[in-house]
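The values are calculated or read from the model by the stated rules, or taken from the named source; none is laboratory data. Computed from a predicted structure; not experimentally measured. Note: ideal-geometry Cβ built from the backbone for every residue, glycine included; neighbour counts use all protein chains shown. Each accessible area value is taken on the protein alone, full model and side chains, heavy atoms only, with ligands, DNA and RNA left out. Shrake-Rupley method; radii C 1.70, N 1.55, O 1.52, S 1.80 Å.
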Amino acid sequence: MDPKEIKERMKIPRQAMSEQDPKERVKNFYEVPQGYTPELAMQEAKRCIQCKNPLCVGGCPVNIDIPWFVRLIAEGKFVDAAKKLKETNALPAVCGRVCPQEDQCEKVCLVGKKGQPVSIGRLERFAADYEREHAEVTIPNIPKWTGKKVAVVGAGPAGLTVAGDLVKRGHKVTIFEALHVAGGVLMYGIPEFRLPKKIVESEVEYVKKMGVEIVCNAVIGKLETIDELLLNGYNAVFIGTGAGLPVFMNIPGENLIGVYSANEYLTRLNLMRAYQFPEYDTPVLRGKKVAVVGGGNTAMDAARTALRLCPEEVTIIYRRSREEMPARIEEVHHGEEEGLKFMLLTNPTRFIGDDEARLKKVECIKMELGEPDESGRRRPVPVKGSEFQIDVDVAIVAIGNGANPLIPQTSPDIKVNKWGNITVNQDTGRTSKKGVFSGGDIVRGGATVILAMGDGRKAADSIHEYLATGVW
Amino acid sequence: MFEIAEKKQLSHTVALFKIKAPMIAKKRKAGQFIIIRLNEHGERIPLTIVDSDNSEGTITIISQEVGKTTSMLGALGKGDTIMDVVGPLGKATHIENFGTAVCVGGGIGIAPVYPIAKALKAAGNKVISIIGARTKELLILEHEMRKTSDELIVTTDDGSYGHHGFVTQILQKLIDEQTKIGLVVGIGPVPMMRAVCNVTRPYKIHTVVSLNPIMVDGTGMCGSCRVTIGGKNKFVCVDGPEFDGHEVDFDELIRRNRSYLKEEKIAMEEATYHEGTRCYERR
Ligand SMILES: Cc1cc2nc3c(=O)[nH]c(=O)nc-3n(C[C@H](O)[C@H](O)[C@H](O)COP(=O)(O)OP(=O)(O)OC[C@H]3O[C@@H](n4cnc5c(N)ncnc54)[C@H](O)[C@@H]3O)c2cc1C
Ligand SMILES: Cc1cc2nc3c(=O)[nH]c(=O)nc-3n(C[C@H](O)[C@H](O)[C@H](O)COP(=O)(O)OP(=O)(O)OC[C@H]3O[C@@H](n4cnc5c(N)ncnc54)[C@H](O)[C@@H]3O)c2cc1C
Ligand code: SF4
Ligand code: SF4
Ligand code: FES
């Protein structure tokens, strides 16, 4: 690209994506950002200066050929752009929405060095949405069956990626999923207003159309063990069971009525659609004064979901200061716009109930920041005698997830670390058990969608190799 | 979709269903349960696997109508389908030869007691069973329990059948008669299980109960089913459903099971029974 053209392009301002008005959107579960129009997308795509040595590609955990797909959008070839994306990313409509782009591809974008980076995530979302809404989604040619069968445990992003990659190479793949739908956290955790379920459903549908069999209501470790899968004709197994074990604070009153884990709260609302109760049968306590404990994305999702159930007040209680909050800035900002309150440098010490054991108050203590801990963040320490109480009738504990022990319990030869996460060879995804691979949150602890997919891709490569050579 | 292969009405509000689920039938052990979801809008509710038939590929469940989902299930019959059935969930009962085992079942609790009594009997125990109900009409599985027990004592609260009184009175009598008891299994409404544990506690008789908290996923992912056991938080769906009854905080379980009283009432009122379709539907 000649320097003049580059200069011209650098002048184009970053294109905003329209969003639902905060006052309106807190009353509904529709998606908050509404996506680019084709015109806006082409304009935004033109901001990319088509670097010869594109740093953005290295910033993406699955190394999407970003300049290529962005150029196709700039040229108005939206469906081609989507196809290009799908070569490396089976779930572009999802990643375009939920990737922490500001820490990945967009963080290193050259245009971003001088001004605002190219909106890679928004463009990715646009292309995938455009294809879904306007074009016949084409299924790649599937080669003849290799005679090998692979079982995938868990239909989250990691499992779906492994499955998609392996059918494309001619293997038969069956996914076993514990819940009644596929999608993992994308279905039960991330709320509708951030990731509409119909998008996840259509991505799952795509994987099915390629020939992957998905068996729901199948809890591996209970219905069948890993050993039984290997005995019953599967040549390899991939474990992508996620980090689904809620962590509680172990403080008094945590089992009062009205205290939820974020997992339970979000599952009731997203997967079971409790916000449509009684049209859907699963209830949830809505509460007048809601407190969410934690400062991560899960806390933010729970809090913004709570806001949509029309309470008087929703407050985030977080023990460090705003700078240390692990949640995406964009989500914190969205929450603030919607009326979310923040009580920082504060930690709950006990929950207090009435005589029916329903939550009424939370006792908290003020915190101050001390010396940095192992994570490099300053350690919060309680301020003696600073306890105070606030009125709360629903509290959601969102302080992290551990590893679900179901599979390791029934397959003791699969090694786990002291937190219960499965240990694997970083390059191959191989576990300590022959023929068994793993990746995603069950290996990493709570991470991200794209990292889980990256693990899936890597594991698919090494499963393919293992199936061909039989060498462990 | 899971087909109902057979249905038998056991009392006015209790029905037995055989459901086609060959994989579960093959794997399940005494003490385990399933979670069902009737339809797209349905709630996930847990039910004990009472029996299974490997050759037919069916599992047997017994459900009592207490709220919307169980009432909707009660309206289904042979040939109808259930959208989702997942299992077998929970840990299997620890079975060994305890010498004499006393199996106490109250009301719908007789359903989960039955497979355990059967397994204990097969392991060589002398099985003494005490089953009770509010009134004769509500007594279930008497014939089956008699078959698997060396001795069976029936009680009804109103004296309409068997002994007039509570199962715990019979249990106390057995202990007073110096019967050497290696294990007591007590399953029924939570207050009954608490009462059974109160009877056996002074004698330090190992007592196993099966807990019925409100569940969502049944795989240890949500924590809805947590109950304090011996001062520790346990997830009933994966750590249980059976626990040492002397360690269980029954009061907490009773309270937590009342979490959605108001919502459960709304759900029932919103659904009305349609004779034509034999279904509960929204008004
Ligand atoms: C509320 C919330 C918000 C998040 N927001 C973001 C975000 O904005 N951006 C982002 O990048 N990441 C986000 N994450 C993290 C991201 O969702 C996860 O890192 C990712 O989903 C991990 O994928 P996975 O495939 O490893 O596991 P999961 O998505 O957890 O899927 C695992 C699947 O395995 C199934 N399973 C478990 N055990 C068994 C078994 N024994 N047998 C059969 N099936 C089993 C589970 O039911 C589940 O469906 C968020 C997480 C949460 C909880
Ligand atoms: C491991 C286990 C095994 C069980 N086995 C049987 C059985 O074999 N037969 C049987 O009839 N019942 C059994 N139950 C209880 C059964 O699950 C509840 O009766 C059922 O969920 C009530 O649903 P509902 O919509 O009809 O009633 P609702 O109107 O929702 O509630 C009525 C009552 O059921 C309780 N309840 C509500 N939702 C749940 C839930 N998801 N899980 C547990 N309890 C709930 C409530 O506390 C309330 O007291 C079992 C429960 C557990 C946990
Ligand atoms: S997948 Fe995520 S990191 Fe990769 S290009 Fe897309 S938005 Fe960026
Ligand atoms: S770094 Fe930025 S400008 Fe360069 S190719 Fe990537 S997106 Fe385009
Ligand atoms: S039902 Fe969700 S953890 Fe037990």
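Brief remarks follow.
- Scan of segment A:105-116 for residues that are within 8 Å of ligand 4 (Cβ to nearest atom) and surrounded by fewer than 23 Cβ atoms within 10 Å (Cβ to Cβ), ordered by number: A:V108, A:L110, A:V111, A:G112
- Selected residue (only one of A:S438, A:S432 is away from ligand 3 (no atom under 16 Å from the Cβ), away from every other protein chain (no Cβ under 14 Å), surrounded by 24 or more Cβ atoms within 10 Å (Cβ to Cβ) and of a type outside the set (V, I, T)): A:S438
- Options A:C109, A:C56, A:C99, A:C51; residue that is within 16 Å of ligand 1 (Cβ to nearest atom) and hydrophobic (A, V, I, L, M, F, W, C): A:C99
- 1 or more residues open to solvent by 20 Å² or more (accessible area, probe 1.4 Å) and farther than 20 Å from A:V94 by Cβ: qualifying helices (runs of 4 or more DSSP H) within segment A:121-240: A:226-231
- So A:L179, is it more than 16 Å from ligand 5 (Cβ to nearest atom) and either under 30 Å from B:E43 (Cα atoms) or more than 14 Å from chain B (Cβ to nearest Cβ) (or both): no
- Taken residue by residue, segment A:284-305 has at least one member that is more than 11 Å from A:I396 (Cα to Cα), in contact with a Lys or Arg (Cβ under 8 Å, 6 or more places away or on another chain), open to solvent by 30 Å² or more (accessible area, probe 1.4 Å) and at pLDDT below 95.
- Of all residue pairs spaced 6 or more apart or on separate chains, none has beta-carbon atoms under 7 Å together with a first member in segment B:219-238 that is of a type in the set (D, E) and a second member that is more than 6 Å from ligand 5 (Cβ to nearest atom).
- Tallying residues that are closer than 17 Å to B:G90 by Cα, more than 10 Å from chain A (Cβ to nearest Cβ) and not aliphatic (A, V, I, L, M) within segment B:215-236 yields 1.
- Residue in segment A:14-32 that is away from every other protein chain (no Cβ under 14 Å), hydroxyl-bearing (S, T, Y) and either within 13 Å of ligand 4 (Cβ to nearest atom) or crowded, with 17+ Cβ neighbours inside 10 Å (or both) present: no
- If you go through segment B:16-25 and keep only what is open to solvent by 40 Å² or more (accessible area, probe 1.4 Å) and either assigned to a loop (DSSP other than H, G, I, E, B) or within 9 Å of chain A (Cβ to nearest Cβ) (or both), you end up with just B:M23.
- Any hit, segment A:390-407, residues being modelled with pLDDT under 95, more than 23 Å from A:A151 (Cβ to Cβ), among the small types (G, A, S) and open to solvent by less than 50 Å² (accessible area, probe 1.4 Å): yes
- Checking A:A459, A:A447 one by one, the residue that is in a helix (DSSP H, G or I), among the aliphatic types (A, V, I, L, M) and within 20 Å of the chain's Cα centre (by Cα) is A:A459 and no other.
- Looking across segment A:339-385, the residues that are within 30 Å of B:L261 (Cα to Cα), hydrophobic (A, V, I, L, M, F, W, C) and in a strand (DSSP E or B) come down to A:F351, A:I352, A:L359, A:V362, A:C364.
- Scan segment A:397-421 for residues that are more than 11 Å from every other protein chain (Cβ to nearest Cβ) and not in a helix (DSSP H, G or I) and the total you get is 14.
- Against the criterion of being among the hydrophobic types (A, V, I, L, M, F, W, C) and in contact (Cβ under 8 Å) with a residue 40 or more places away in the chain, A:A303 qualifies.
Conditions tested, residue by residue: (1) open to solvent by less than 10 Å² (accessible area, probe 1.4 Å); (2) of a type in the set (D, E); (3) within 14 Å of chain A (Cβ to nearest Cβ).
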| residue | (1), (2), (3) |
| --- | --- |
| B:P88 | yes, no, yes |
| B:F98 | no, no, no |
| B:G107 | no, no, no |
| B:P112 | no, no, no |
| B:A117 | yes, no, no |
| B:G132 | yes, no, no |
| B:E142 | no, yes, no |
| B:T148 | no, no, no |
| B:V154 | no, no, no |
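- A count restricted to segment A:52-87 and to residues that are on the phi > 0 side of the Ramachandran plot and more than 11 Å from ligand 3 (Cβ to nearest atom) stands at 1.
- So B:K232, is it surrounded by fewer than 18 Cβ atoms within 10 Å (Cβ to Cβ), under 26 Å from A:P405 (Cβ atoms) and out of contact with any helix residue (DSSP H, G or I) (no Cβ under 8 Å at 6 or more places or on another chain): yes
- Scanning segment A:243-261 for residues that are at the interface with chain B (Cβ under 9 Å from one of its Cβ atoms) and either of a type outside the set (A, V, I, L, M) or at positive phi (or both) yields a count of 9.
- Qualifying strands (runs of 3 or more DSSP E) (wholly inside segment B:27-85; at least 2 residues being open to solvent by less than 50 Å² (accessible area, probe 1.4 Å) and within 13 Å of another protein chain (Cβ to nearest Cβ)): B:33-37, B:44-48
- Leading residue by the ranking (farthest from A:A447 (Cα to Cα)) among those in segment A:306-316 that are surrounded by fewer than 24 Cβ atoms within 10 Å (Cβ to Cβ) and either under 21 Å from the mean Cα position of the chain (by Cα) or more than 14 Å from chain B (Cβ to nearest Cβ) (or both): A:E312
- Only a single item in (1) open to solvent by 40 Å² or more (accessible area, probe 1.4 Å); (2) in contact (Cβ under 8 Å) with a residue 24 or more places away in the chain is not met by A:M453, and it is number (1).
- Residue in segment B:165-182 that is within 22 Å of B:A25 (Cβ to Cβ) and either without any contact (Cβ under 8 Å) to a residue 24 or more places away in the chain or buried (at least 16 other Cβ atoms within 10 Å of the Cβ) (or both) present: no
To keep it simple, each residue is scored yes or no on (1) open to solvent by 10 Å² or more (accessible area, probe 1.4 Å); (2) of a type outside the set (D, E, K, R); (3) more than 17 Å from A:R9 (Cβ to Cβ); (4) free of Cβ contacts under 8 Å to residues at least 40 places away in the same chain.
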site: A:Q50; (1), (2), (3), (4): yes, yes, no, no
site: A:P61; (1), (2), (3), (4): yes, yes, yes, no
site: A:D65; (1), (2), (3), (4): yes, no, yes, yes
site: A:K77; (1), (2), (3), (4): yes, no, yes, yes
site: A:A82; (1), (2), (3), (4): no, yes, yes, no
site: A:A90; (1), (2), (3), (4): yes, yes, yes, no
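- Restricting segment A:265-277 to residues that are at the interface with chain B (Cβ under 8 Å from one of its Cβ atoms) and surrounded by 24 or more Cβ atoms within 10 Å (Cβ to Cβ) leaves a set whose member that is farthest from A:A182 (Cα to Cα) is A:R268.
- Filtered by the rule that a residue be buried (at least 24 other Cβ atoms within 10 Å of the Cβ) and within 21 Å of A:K149 (Cα to Cα), segment A:414-429 gives a lone residue, A:G429.
- Residues of segment B:187-218 that turn out to be of a type outside the set (A, V, I, L, M, F, W, C) and farther than 30 Å from A:N404 by Cβ, as a count: 10
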